[in-house]
Amino acid sequence: MVSGEIGAVLQAQSQTGRGRSDGPGWLDAPAAARRSTVWQAMGFVNSALAVPSPDALALLRARAYAEGTSLDELAARVLDRTVPLDDLAPDADSSR
């Protein structure tokens with residue numbers, strides 16, 4: 001019980017003291033840290049398929065839904081390059 005409290009205080013202190021000089025404060029929030037994988041995968045899709053970020057996110061969500069997996073899991077696989085980016089293209093299914 002005491003060790004949990006000490007851990008929570010130390011973690012909060014390290015997050016507070018860390019600071020981010022290159023962006024807004026909300027980027028340090030735990031929710032932002034959890035979604036960073038999705039944001040990186042969106043960037044991969046955005047660049048590779050030349051689609052806007054909202055469309056990149058929609059393509060990732062559609063693929064995750066179709067596979068019955070979470071968006072976070074799919075994003076990790078995109079970053080690991082186990083999901084070919086061409087497979088996420090809007091017309092990829094029509095060529096099969």
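The values are calculated or read from the model by the stated rules, or taken from the named source; none is laboratory data. What you see is a predicted model; the values in this text were computed from it and never measured. All Cβ positions, glycine included, derive from the backbone under ideal geometry; neighbour counts span all protein chains shown.
Listing for the model above:
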{"read-out": "Count of residues meeting criterion [surrounded by 11 or more Cβ atoms within 10 Å (Cβ to Cβ) and touching a helix residue (DSSP H, G or I) at 6+ places or on another chain (Cβ under 8 Å)] in the range 21-34", "value": "2"}
{"read-out": "Among the residues listed as Ala75, Ala50, the single one being modelled with pLDDT of 80 or more, of a type outside the set (D, E, K, R) and out of contact with any helix residue (DSSP H, G or I) (no Cβ under 9 Å at 6 or more places or on another chain)", "value": "Ala50"}
{"read-out": "Index of the failed condition, Asp80 passing every other in (1) surrounded by 10 or more Cβ atoms within 10 Å (Cβ to Cβ); (2) charged (D, E, K, R); (3) at pLDDT 90 or above", "value": "(1)"}
{"read-out": "Every residue from the range 68-96 that is under 15 Å from the mean Cα position of the chain (by Cα) and in a loop (DSSP other than H, G, I, E, B)", "value": "Thr69, Ser70, Asp80, Arg81, Val83"}
{"read-out": "Close pairs from the range 33-45: first within 16 Å of Asp86 (Cβ to Cβ), partner in a helix (DSSP H, G or I) and at pLDDT below 90, Cβ under 8 Å, at least 6 apart", "value": "Val45/Leu88"}
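For every residue, the table says whether it meets (1) out of contact with any strand residue (DSSP E or B) (no Cβ under 7 Å at 6 or more places or on another chain); (2) in a loop (DSSP other than H, G, I, E, B); (3) modelled with pLDDT under 90; (4) not hydroxyl-bearing (Ser, Thr, Tyr).
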position	(1), (2), (3), (4)
Ser21	yes, yes, yes, no
Leu27	yes, no, yes, yes
Arg34	yes, no, yes, yes
Asn46	yes, no, no, yes
Asp55	yes, no, no, yes
Leu60	yes, no, no, yes
Ala66	yes, no, no, yes
